Amino acid sequence: MTDAPRTLGIVLFDGLAELDAVGPWEVLAHWTRAFPEDGWSVVSLSPDGDVVHGAKGLDLHAGYSFADAPALDALLYPGGPGTRTHLRDEVRIDWVRAQWDAVPLLTSVCTGSLVYAAAGVLRDRPATTHHASLDLLGELDATIDVRRGERFVDDGDVVTSAGVSAGIDMALHLVARLGGTEHARAVRRAIQYDPEPPV
């Protein structure tokens, strides 16, 4: 058991790819409930704490706003078409930079890494994103070592993952890293994550 509970926050916003957030939530929430002795909780947060509208029509309600969220020990930034406006939103970029200063571990799914790139988080780092946005990732910051064939890239205090379903792989990796391999395997078995695509 850790000395103090730690919190991982998943950012929600209009236009997110639903599975980018909900897939990791399923993994991480199952972990925190099944293994409370690991000392973690998972929460969701959005700019105003209100309902957000996913890219494919699913509405999600955040548990917190950016202003009233608890102190975070890890942050997960999903992707989706909504991230494109974030790249030009100085208020959002400044918020991401503030998280970079305050939060020990930043993670992203899909095009969430584009927002990190725009904020300078990925300078001189290896990173990945959705396969259709790999070129853009490099254009946003030419110092990024774009990893084209990897499901996720762990660079210590920053972990990025490829598109959509790769976020589940990355979340299981986080469980293994933060709670141990056996706990991660137990979560994988419990949610029956054993991909065998039918097509």
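The values are calculated or read from the model by the stated rules, or taken from the named source; none is laboratory data. In this text the structure is predicted, and so the values were computed from the model without any measurement. For neighbour counting, all protein chains shown are included, and Cβ atoms are generated from backbone atoms with ideal geometry for every residue, glycine included.
Any residue that is buried (at least 22 other Cβ atoms within 10 Å of the Cβ), assigned to a strand (DSSP E or B) and of a type outside the set (Lys, Arg) - is there at least one of those in the range 98-107?
yes
What tally of residues in the range 134-156 results from selecting those that are within 27 Å of ARG177 (Cα to Cα), touching a helix residue (DSSP H, G or I) at 6+ places or on another chain (Cβ under 8 Å) and either touching a residue at least 40 places away in the same chain (Cβ under 8 Å) or surrounded by 18 or more Cβ atoms within 10 Å (Cβ to Cβ) (or both)?
4
Conditions first: (1) under 25 Å from GLU18 (Cβ atoms); (2) within 15 Å of the chain's Cα centre (by Cα). ASP155 passes all but one, so which condition is the exception?
Of the numbered conditions (1) under 25 Å from GLU18 (Cβ atoms); (2) within 15 Å of the chain's Cα centre (by Cα), the odd one out for ASP155 is (1).
Just wondering, is there one or more residues in the range 114-121 that are more than 15 Å from GLY82 (Cβ to Cβ) and either in contact with a Lys or Arg (Cβ under 6 Å, 6 or more places away or on another chain) or surrounded by fewer than 19 Cβ atoms within 10 Å (Cβ to Cβ) (or both)?
Yes, that holds for at least one residue.
Check VAL121 against each of (1) of a type outside the set (S, T, N, Q); (2) free of Cβ contacts under 8 Å to residues at least 40 places away in the same chain; (3) closer than 17 Å to ASP20 by Cβ and name the one condition it does not meet.
Result: VAL121 passes all but (3).
Go through the range 128-199 and tell me which helices (runs of 4 or more DSSP H), entirely inside it, have 1 or more residues that are among the charged types (D, E, K, R), at pLDDT 95 or above and in contact with a Lys or Arg (Cβ under 9 Å, 6 or more places away or on another chain).
166-179
Report whether or not ASP48 is free of Cβ contacts under 8 Å to residues at least 60 places away in the same chain and touching a Phe, Trp or Tyr at 6+ places or on another chain (Cβ under 9 Å).
In short, yes.
When you look at VAL121, is it assigned to a loop (DSSP other than H, G, I, E, B), more than 24 Å from TYR193 (Cβ to Cβ), under 17 Å from the mean Cα position of the chain (by Cα) and not charged (D, E, K, R), yes or no?
Answer is yes for this residue.
Which numbered condition in (1) within 15 Å of VAL109 (Cα to Cα); (2) in contact with a Gly (Cβ under 9 Å, 6 or more places away or on another chain) is the only one that VAL52 fails?
(1)
Please work out which residue is farthest from ASP59 (Cα to Cα), limiting yourself to the range 3-26 and to residues that are in contact with a Phe, Trp or Tyr (Cβ under 8 Å, 6 or more places away or on another chain) and of a type in the set (Val, Ile, Thr).
THR7
With respect to ALA171, is the statement that it is more than 20 Å from VAL27 (Cβ to Cβ), in contact with a Leu (Cβ under 9 Å, 6 or more places away or on another chain) and in contact (Cβ under 8 Å) with a residue 12 or more places away in the chain true?
So ALA171 fails the test.
Please enumerate the residues belonging to the range 63-97 that are closer than 14 Å to ALA117 by Cα, among the β-branched types (Val, Ile, Thr) and surrounded by fewer than 19 Cβ atoms within 10 Å (Cβ to Cβ).
THR85, ILE93 - these are the residues of the range 63-97 that are closer than 14 Å to ALA117 by Cα, among the β-branched types (Val, Ile, Thr) and surrounded by fewer than 19 Cβ atoms within 10 Å (Cβ to Cβ).
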